[in-house]
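The next block holds one structure in the form of structure tokens; read it before the comments.
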Amino acid sequence: MDFASLGLSEKLVRATADQGYDTPSPIQAQAIPPVLAGQDVMAAAQTGTGKTAGFTLPLLQRLNETPRQGKGIRALILTPTRELAAQVHASVELYSKYMPTSSAVVFGGVKINPQIAQLRRGVDVLVATPGRLMDLHQQGAVHFNSVETLVLDEADRMLDMGFIRDIRKILALLPPKRQNLLFSATFSGDIRKLAQGILNNPVQVEVAVANATADKVEQSVFPVQQSLKSAMLSEMVGKNNWQQVLVFTRTKHGANRLTQKLEKDGITAAAIHGNKSQGARTRALSNFKAGTVRVLVATDIAARGLDIKQLPQVVNFELPNVPEDYIHRIGRTGRAGESGHALSLVSPDEGGMLAGIEKLIRKEIPRKTMDGYEAVHLPSNGPRTAPRGNGGRGRSPAGNGGGAGRSGNNGGGRGGNSARSGQARRPQRA
Ligand code: AMP
């Protein structure tokens, strides 16, 4: 099967060929035909599956089938993080290179005035994070009355990050007659509830998410004392001569501390997390991609959507609070059919979290040891969640909405009856 047989135009097929893609990924094969047909689509797919092209290609084709009227936005793509917004926008630009379609991206953390000026000139496709989009709307810089297609990308993460109220506000401003596409790594009860209120008789598309990713990646666990982890990591980087490794920590503070330790050991490293300016993050990422930084240390939210081609090695310096995040993390390696390695340094207090992850991926991750670092026992009956604070994530691990800081999952923006709905915390900016 090729892209043309899915009904995509020659211009789009050429743009995909320029990227070196010849075969649609499973999510693309399933999502492109219904999107082209104008149907609403609800897709379970995470980063790494080719989902971006899955909605971007047919969306561009539809825009080019009918002439634009006026300067208003015709397609609105909402993403949870700046990084993902920038990457989705880069994809829109790539795939629309043979078309007259104009596009823009807006997110917080950078100056708003250039964004206002750009919107004033008129764009067909706008990629946005919800917070900045609402700011722009309040300033009268963006109108939604010509939106034909809405895409919610990584909808699960948008809920996790407390964007539900902004999303509901935006939804209320959109024309009721439109096409809706919702992409989410998982379909929890909250997501289904959100989907019900947005999607009109959607086609459901699913690729085997969790295990497909997990199967492609060679995983291992090194049971070790917490206090020895950074020394062990430095030694691993050196011994294995890793030139590009993405390391996950649970907290921003932990990311900074580890970066300093690695630097002290003579390993170039940079941290990427929510307390870093947009400039610092972009710089860290480009240095990492260029190979001048060997280790990129990231928190879960900051790493969301990072698209680094052929990343060979991912290390979990600490396990994530939420088992699903483990799958997101290891999905950074072994992308688009390549094999990758994901290794976790696990201390005894993380034994319960490891058990939760192994339950989710339905397999036991092989244990390994390294000379000079005695393996420790990992009790599996420990806490399933983070033992030392939750790294500022404010998420409830079980996804049951009962945890501290989880906000608005009852549709509070529309006057939901939740007592919590009025006190939704500020959305976290990744
Ligand atoms: P995504 O899930 O959209 O973040 O895409 C993951 C990666 O797969 C990106 O680096 C894309 O450039 C790449 N990709 C998307 N579609 C294809 C395809 N059909 N064949 C090969 N690579 C692809």
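For the peptides 155-162, 236-243, the ranking by packing is 155-162, 236-243, with the highest mean count of neighbouring Cβ atoms within 10 Å listed first.
Near A271, the amide H atoms lying under 5 Å from its own belong to V297; only residues 5 or more places off or on other chains count, and H is placed 1.01 Å from N. The 3J(HN,Hα) values that the Karplus relation (6.51, -1.76, 1.60; θ = phi - 60°) gives for region 197-204 are, in residue order, x, 10, 7, 10, 6, x, 7, 9 Hz. Gly and Pro appear as x. Taking amide hydrogens as placed 1.01 Å from N in the peptide plane, the amide H of S103 sits under 5 Å from those of D124, V125, each at least 5 positions away in sequence or on another chain.
From the square roots a ≥ b ≥ c of the eigenvalues of the alpha-carbon gyration tensor of region 50-204, which class results: rounded (a/c under 1.5), prolate (a/b over b/c), or oblate? Rounded is the answer for region 50-204, as its axis ratio a/c remains below 1.5. Using the alpha-carbon centroid of each, what span in Å lies between region 54-125 and region 354-378? About 43 Å separates the Cα centre of region 54-125 from the one of region 354-378. Ordering M134, T101, M161 by the projection of their Cα atoms onto the charge dipole of region 4-206, which places +1 on the Cβ of Lys and Arg and -1 on the Cβ of Asp and Glu, puts M134 at the extreme positive end.
Evaluating 6.51 cos²θ - 1.76 cosθ + 1.60 at θ = phi - 60° for every residue in region 99-113, the Karplus couplings come out as 10, x, 4, 9, 8, 8, 10, 10, 8, x, x, 10, 4, 8, 4 Hz, glycine and proline recorded as x. Put simply, the convex hull of the Cα atoms in region 117-250 casts, on average, a shadow of 12.8 nm². Between the amide H of L182 and those of V41, M42, A43, L152, distances stay under 5 Å, these residues lying 5 or more places away or on another chain, with hydrogens modeled in the peptide plane. Here the 3J(HN,Hα) profile of region 142-149, calculated from phi with Karplus coefficients 6.51, -1.76 and 1.60 at θ = phi - 60°, is 9, 10, 10, 6, 10, 5, 9, 9 Hz, Gly and Pro shown as x.
Could you do me a favour and compute the accessible area per residue for region 86-239, 1.4 Å probe, result in Å²?
40
In this structure, the residue pairs whose Cα-Cα separation is over 24 Å, taken from K216/K276; K261/K359; K193/K252; K229/K264; K11/K177; K261/K289, are K216/K276; K261/K359; K193/K252; K11/K177.
The values are calculated or read from the model by the stated rules, or taken from the named source; none is laboratory data. These figures come from a predicted structure and were not determined experimentally. Backbone-built Cβ (ideal geometry, glycine too); neighbour counts: all protein chains shown. To get the accessible areas, we keep the full protein, side chains included, count just its heavy atoms, and leave off ligands, DNA and RNA. Shrake-Rupley method; radii C 1.70, N 1.55, O 1.52, S 1.80 Å.
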